[in-house]
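Where a number appears in this text, it was derived from the coordinates with a stated rule and is not lab data. Remember, it's a predicted structure, so these values are computed and weren't measured experimentally. Cβ atoms come from the backbone with ideal geometry, glycine included; neighbour counts cover every protein chain shown.
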2 protein chains.
Amino acid sequence: MTDFENSDLVEQDDLEGLYGATDTLVREVKTVIAEDNWDAAKVLVQPLHAADFADLFEHLTQDERRAVVSRMEDALDPEFYSHLDESVREDVIESLDTERLAEVVQELETDDAVDLIEDLDESEQQELLEAVPPGDRVVYEAALRYPEDSAGRLMRREAVTVPNYWTVGQTIDYMRTDAELPESFYNIYVVGPTHGPLGRVPVSRLLRTARPVEMAEIMDMDLKPIPVVMDQEDVAFLFRQYGLASAPVVDDDGRLIGDITVDDVVDVIEEEHEEDILKLGGVREDDFYDAVIDTTRARFSWLLVNLATAIVASVVIGLFDAAIEKMVALAVLMPIVASMGGNAGTQTLTVAVRALAVKELTPTNALRVGKETLVGGINGMLFAVLVGLVAWFWFDSTEIGGIIAAAMVINLIVAGLAGTLIPLTLDRIGMDPAVGSAVVLTTITDVIGFLSFLGLAALVLL
Amino acid sequence: MTDFENSDLVEQDDLEGLYGATDTLVREVKTVIAEDNWDAAKVLVQPLHAADFADLFEHLTQDERRAVVSRMEDALDPEFYSHLDESVREDVIESLDTERLAEVVQELETDDAVDLIEDLDESEQQELLEAVPPGDRVVYEAALRYPEDSAGRLMRREAVTVPNYWTVGQTIDYMRTDAELPESFYNIYVVGPTHGPLGRVPVSRLLRTARPVEMAEIMDMDLKPIPVVMDQEDVAFLFRQYGLASAPVVDDDGRLIGDITVDDVVDVIEEEHEEDILKLGGVREDDFYDAVIDTTRARFSWLLVNLATAIVASVVIGLFDAAIEKMVALAVLMPIVASMGGNAGTQTLTVAVRALAVKELTPTNALRVGKETLVGGINGMLFAVLVGLVAWFWFDSTEIGGIIAAAMVINLIVAGLAGTLIPLTLDRIGMDPAVGSAVVLTTITDVIGFLSFLGLAALVLL
């Protein structure tokens with residue numbers, strides 16, 4: 001298709017110069033910290049974007065981090081705190097006194113400020129809210145009343161709105177004089193008498209329209225006004241689906257109360273995907289920077305569930321101890337059937353969980369189950385032939401070859417069926433298909449794998 | 001923290017009214033198609049956003065899709081084709097004649113047009129390129145020369161640039177008269193005499209600045225000019241890291257040749273995440289709309305690799321057939337050790353792969369390996385106690401309890417070590433850690449699981 005190959009692409013290294021927190025810089029900063037040379041440290045990090053400095057900071061040891069916060073606090077951009085990984089941020093914020101934290105919070109846009117405040121515990125929140133001016137306090141308290149992970153937490157209060165009878169000229173004049181507008185914005189919302197959004201005018205269009213034209217004439221009416229209690233995952237879906245740069249947030253009465261911008265939604269998309277991947281891998285949340293003990297505890301519960309299901313599979317094997325005693329080849333071969341079922345099921349499951357997340361899989365196309373079962377059946381027959389031949393030659397027995405072949409077909413069909421039905425069912429009953437599916441699936445494919453292989457063997461051999 | 005609970009969040013249902021392609025509408029459209037009532041079909045889909053119509057279209061059967069394309073072609077927005085899932089799109093585009101396709105392509109922005117053209121095969125591409133006017137052809141051919149998944153394919157040519165000596169007033173006047181500007185844009189780039197980008201002015205700032213001010217005075221200099229051959233994954237990283245709305249693309253000589261906007265980057269992020277999830281699940285690409293035979297083939301190769309590794313594990317078991325013959329309890333219990341190792345390893349692996357993707361895991365913090373090994377060791381000891389007790393009571397043998405406990409500690413330590421070292425090594429040698437890691441890991445945890453448990457048993461019991 002092209003005369004380039006993927007391998008020609010510029011890779012990671014070429015972020016050098018564009019991305020600030022390089023390994024080289026991390027090493028240099030560690031060196032000057034070790035030398036207690038804080039002037040040099042400030043010179044090194046001064047050109048960094050707040051997000052890059054946050055990355056660099058995360059690469060330091062806990063002692064180095066504490067030293068940086070106590071010796072360089074005055075040089076830190078408030079945005080730095082917003083960019084820190086949650087577990088690192090908690091640690092840093094605890095070391096700040098309330099006054100300094102109040103200063104930091106007030107320099108951020110409301111959505112970032114709330115993001116910081118919501119991580120504090122109840123009493124720290126109270127203390128902080130008392131330390132900021134009453135006007136800001138009211139705004140933060142209002143935002144904190146919205147559910148976590150809702151549009152209300154994500155929006156900034158500083159939406160740009162104009163009445164529907166204004167002209168382009170009036171709008172431009174207003175924007176030149178009102179200093180309370182946000183630093184940067186993409187859309188101007190046109191609102192009706194009850195402050196309900198009627199349409200939006202992209203800033204670039206405003207700029208290109210003559211002054212006497214009315215805003216109502218040039219506005220786009222295909223607004224997606226977001227209810228303030230909408231889940232952030234749904235907000236992200238709407239932004240993706242419609243390629244939005246920003247969207248208005250409305251309260252229960254349909255009044256416009258804020259604006260969500262795409263940069264915050266990109267963060268949400270990132271968070272949600274991280275959750276999806278980690279949940280499928282059996283990890284509750286990103287514990288990369290957590291202490292050993294927290295990580296151990298978080299992973300323990302999932303492994304405990306796995307232990308229970310593994311014991312169930314062992315009980316199934318135990319039912320056939322007589323057959324195994326008679327023919328030890330069964331013990332040698334049985335993990336193959338279980339493992340192939342688990343892997344084929346995981347493939348199906350992954351596609352199904354993903355399709356549910358992007359709303360491709362819905363009740364109207366649940367016949368997909370049939371397709372996956374068919375795929376399982378075909379692959380089951382192909383692998384039945386392969387594994388049957390391997391077993392036949394290995395143990396010089398056509399019987400054992402036939403038994404493992406039959407068990408393989410059964411287990412791969414079950415894997416295709418279970419890989420679609422389990423996430424669909426969990427979704428239907430309101431549970432998260434990414435979390436529970438994998439464990440239920442492998443329990444089923446293990447049990448059916450051992451049961452079909454050992455059961456058939458017992459029938460044929462005993 | 002709040003007086004709401006997550007369960008209070010407005011869920012999926014509340015997208016009703018905001019998201020167009022609802023299940024109800026899909027059913028209605030299917031009904032009118034079955035009745036061959038195309039006027040009613042047009043009325044039903046007319047209010048839909050192109051993205052929603054694409055979703056609805058994907059829910060139809062292949063026969064229904066063909067009927068829609070042949071009977072409603074004139075009513076379809078060209079953007080509809082851009083929003084279709086790749087495998088569905090291929091099918092639809094094949095049914096269009098070259099002239100209609102040329103019309104569609106010309107109505108799209110260059111990046112979307114190229115996205116459509118790149119999926120055609122060589123001869124179809126040639127035919128199409130000959131059917132469009134020479135001016136457009138040159139643009140498409142230039143874009144197709146950039147590597148797939150590079151910034152060059154992602155950018156639109158229509159960047160808004162002004163010379164650095166212009167004033168705000170000149171810029172506004174230029175934008176009011178030049179009709180060749182894109183429909184919507186977020187930044188105006190200020191360029192030097194050789195057309196290299198010097199800075200950017202957000203449109204909202206331009207609007208709020210007095211006419212006589214020079215553009216160079218109000219521009220932000222912290223530009224992230226993206227090399228045209230940069231991998232789209234790195235482009236997405238920069239947008240996320242710096243919260244960009246758009247970024248200029250430069251050629252080898254540093255000349256500004258295009259603009260990437262955040263809506264396209266959101267699509268890339270989505271694509272990359274889909275790839276990550278599917279790769280970890282052992283699926284090459286989203287095969288949700290593929291034919292049964294394509295899906296079967298795509299999944300076969302991965303299962304074949306798994307079969308090979310499962311046979312390796314079986315060979316290990318085969319080494320200890322004498323021990324199993326003597327004590328069939330070994331066959332019953334051995335899958336527990338392997339399965340716990342696999343799951344604990346997958347947890348570690350998932351966190352490591354994710355940390356590599358977001359550049360949290362780099363050579364400077366590879367001591368993480370130590371942490372994961374420690375977590376594995378602690379959880380290994382906890383589960384050793386649990387599983388040891390279970391085995392002891394089940395088979396009334398302290399020996400077998402002790403053996404499985406020791407094997408559990410060994411395998412969970414190995415799982416922690418392998419779960420970090422495998423992706424780190426694959427990344428270091430330039431391979432994708434998400435693809436190969438899982439299969440290498442489970443091979444190791446299976447082999448070590450069986451080897452340690454059966455090996456210890458053979459030592460103690462024989």
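Among the lysines of chain A, pairs at least eight places apart or on separate chains and with Cα atoms under 29 Å apart come to 5.
Sorted shortest first, the distances from the B:Val358 label point to those of the same residue in the other copies are 2.1 nm; each point sits 7 Å from Cα along Cα-to-Cβ.
Between amide H atoms placed 1.01 Å from N, distances below 5 Å from B:Gly281 occur with no residue 5 or more places distant or on a separate chain. Taking every residue in B:50-59 and counting other chain Cβ atoms within 10 Å of its Cβ, the average works out to 2. In chain A, the DSSP beta bridges split such that about 70 percent are antiparallel, to the nearest 5.
Remark: the Cα gyration tensor places segment A:161-280 in the prolate category, a/c being 1.5 or greater and a/b exceeding b/c. Its Cα centre serving as origin, the protein assembly as shown has a Cβ charge dipole (Lys and Arg +1, Asp and Glu -1) of approximately 2840 debye. Here chain A is assigned +1 on the Cβ of each Lys and Arg and -1 on the Cβ of each Asp and Glu. Its dipole about the Cα centre then comes out at about 2820 debye.
Descending by average beta-carbon neighbour count within 10 Å, the peptides B:269-279, B:424-434 line up as B:269-279, B:424-434, the highest first. Taking packing as the residue-averaged number of other Cβ atoms within 10 angstrom, the listed peptides A:32-40, A:352-360 run from highest to lowest as A:352-360, A:32-40. How shielded is A:146-156 by partner chains, expressed as the average number of their Cβ atoms within 10 Å of its Cβ atoms? Average neighbour count from other chains, rounded to a whole number: 3. Other chains' Cβ within 10 Å of A:270-283 residues: what's the mean? Mean partner-chain Cβ count within 10 Å for A:270-283: 5. Amide H to amide H, with H built 1.01 Å from N, B:Val250 comes under 5 Å of B:Ile226, B:Val228, B:Ile257, counting only residues 5 or more places away or on other chains. The charge dipole of segment A:235-341, taken about the Cα centre with unit charges on the Cβ atoms of Lys, Arg (+1) and Asp, Glu (-1), comes to about 960 debye, rounded to the nearest 20. B:Val213 label point (Cα plus 7 Å toward Cβ) to equivalent points in the other copies: 2.4 nm, shortest first.
Listed by Cβ neighbour count within 10 Å, with the fewest neighbours leading, B:Tyr189, A:Tyr165 appear as A:Tyr165, B:Tyr189. Secondary-structure-derived ellipticity at 222 nm for chain B, considering helices only, amounts to -20500 deg cm²/dmol, per-run term -39500 (n - 2.57) for DSSP H runs with n ≥ 4. Once the dipole of the protein assembly as shown is set up with Lys and Arg at +1 and Asp and Glu at -1 on Cβ about the Cα centre, which of B:His195, B:Gly449, A:Val315 lies farthest towards its positive end? Comparing the listed Cα positions along the dipole, A:Val315 ranks first. If you sort the three axes of the alpha carbon gyration tensor as a ≥ b ≥ c, you get a/c of 1.5 or more for segment A:292-461 and a/b no higher than b/c, which makes it oblate. For A:Leu389, B:Leu280, the sequence from fewest to most other C-beta atoms within 10 Å is A:Leu389, B:Leu280.
Rounded to the nearest 0.05, the FRET efficiency derived from the C-beta distance between B:Glu325 and A:Val358 at R0 = 51 Å is 0.50. Compared with the alpha-carbon gap, the fully stretched path from A:Asp121 to A:Glu73 is longer by 15.0 nm at 0.36 nm per residue. Distances, shortest first, from the label point of B:Glu148 to those at the same position in the other copies read 4.2 nm; the point lies 7 Å along Cα to C-beta. When A:Asp119, A:Asp290, A:Asp263, B:Asp396 are arranged by Cβ crowding within 10 Å, least crowded first, meaning fewest neighbours, the order is B:Asp396, A:Asp119, A:Asp263, A:Asp290. Specify the inter-centroid distance of segment A:172-197 and segment B:353-415, based on alpha-carbon positions, in whole Å. Computed from Cα coordinates, the inter-centre distance equals 58 Å. Set the Förster radius R0 to 22 Å, insert the Cβ-Cβ distance between A:Glu94 and A:Arg297 as r into 1/(1 + (r/R0)^6), and round the FRET efficiency to 0.05. Approximately 0.65, to the nearest 0.05.
Between B:Ala50, B:Ile413, A:Ser150, whose Cα lies farthest towards the positive end of the dipole of the protein assembly as shown when Lys and Arg beta carbons carry +1 and Asp and Glu beta carbons carry -1, centred on the Cα centre? The residue sitting most towards the positive pole is B:Ile413. With a Förster radius of 51 Å applied to the beta-carbon distance between B:Leu389 and A:Glu103, the computed FRET efficiency rounds to 0.40. For chain A, the membrane-span-like helix rule (DSSP H, alpha carbon extent of at least 18 Å along the helix axis, mean Kyte-Doolittle at least -0.5) picks out A:262-280, A:292-318, A:329-357, A:368-395, A:398-428, A:433-461; this says nothing about an actual membrane. Look at the dipole of chain A built from charges on Cβ: of A:Leu303, A:Leu349, A:Met221, the Cα furthest out on the positive end belongs to A:Leu349. The average projected area of segment A:6-149, computed from the convex hull of its Cα atoms over all directions, is 10.6 nm².
For the peptides A:208-220, B:233-245, the ranking by mean Cβ contacts within 10 Å, running from highest to lowest, is B:233-245, A:208-220.
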